[in-house]
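Only one structure is covered here, and it is reproduced in the block below.
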Amino acid sequence: MKKDLSWIQTHDIAHRGYYTKDQSIPENSLSAFQHAISHGFSIELDLNVTKDGTVISFHDHTLKRICRDPRSLSDVTYDEIRHLKLFETNEHIPSFKEVLDFVNGKVPLLIELKPHGDVVKLCTSFYDDIKDYQGQYAIFSFHPKVVYWFKKHHPEIIRGQIAEYFKHDQMNRIFRYLLKTMFFNRFTKPDFVSYGISDMPNKYLDRLKKKGMTIISYAARSQEDLNRIRSLYHNAVFEHFNPKSSK
């Protein structure tokens with residue numbers, strides 16, 4: 001099955017949409033996506049799921065940082081939070097269906113699935129939303145079970161594994177090693193890898209590069225960062241600068 005990963009390798013991809021550092025254009029918002037589209041950038045975005053199975057464009061598993069609300073997404077329905085504002089702007093939390101209708105194939109989407117609970121619930125809800133979408137997209141996730149779900153159920157969808165050294169994560173040392181070395185790739189068979197920029201280059205990625213794997217990074221915050229990763233591997237998502245004006 002031949003998949004077109006060329007856009008992942010070469011496009012300028014805006015992290016969480018082309019949002020601003022001061023969040024006056026908030027991350028993962030429709031205004032951030034419009035900002036990206038208007039510059040011709042592909043869009044990276046985060047997806048989570050609420051208690052009622054609504055897939056939303058939202059990074060965290062709680063509402064505290066972004067909406068100043070102490071509740072967790074697993075405890076609320078979308079109707080209960082759709083009125084909340086992002087970083088005290090007029091932007092709301094968009095459902096994934098809203099995002100798809102809004103973008104409507106104008107630019108490719110690099111979609112991170114962030115399961116803070118039920119992997120199958122997020123994956124199946126996501127697929128129900130996107131199955132008829134005609135635009136270019138790919139999914140990726142830190143969670144190997146997400147990548148494996150797509151390998152098993154929808155192998156035609158481009159899927160990627162996200163990893164890093166997990167230096168600050170409170171997890172079992174062996175599990176941390178398995179994730180940073182991408183041990184589970186032998187079962188999940190990702191089409192590409194996205195690795196934390198502060199942990200690049202490394203021997204694990206160099207081995208994958210020799211085997212022809214597409215390798216990208218997150219997140220370049222300067223043209224120098226972006227140039228470095230593109231000289232070593234393929235690409236990096238970026239934030240807080242304009243790579244086209246900086247080239």
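Values quoted throughout were computed directly from the atomic coordinates according to the rules given, and no laboratory measurement underlies them. Predicted, not measured: the structure shown is a model, and the values here were computed from it. Don't worry about glycine lacking a Cβ; one is built from the backbone with ideal geometry, like all the others, and counts go over all protein chains shown.
The table for this structure:
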quantity	calculated
Whole-number percent relative contact order across the stretch 141-207, with pairs defined as alpha carbons under 8 Å at least 6 apart	39
CD proxy at 222 nm, helix term only [per DSSP H run n ≥ 4: -39500 (n - 2.57); per residue of the chain; nearest 500]	-9000 deg cm²/dmol
Of 51/151; 85/244; 151/180, pairs whose Cα-Cα distance is over 23 Å	51/151; 85/244
Low-density loop positions, trypsin sites (Lys or Arg not before Pro), the stretch 101-175 - DSSP coil, at most 10 other Cβ in 10 Å	131, 167
Potential lengthening between residue 72 and residue 172 on full extension [0.36 nm per residue; Cα-Cα distance subtracted]	33.6 nm
Computed E for residue 39/residue 59 - FRET, C-beta separation, R0 22 angstrom, nearest 0.05	0.55
Fewest-first sequence of 162, 157, 56 by Cβ atoms within 10 Å of each Cβ	157, 56, 162
Antiparallel DSSP beta bridges within the chain, as percent of all bridges there, nearest 5	20
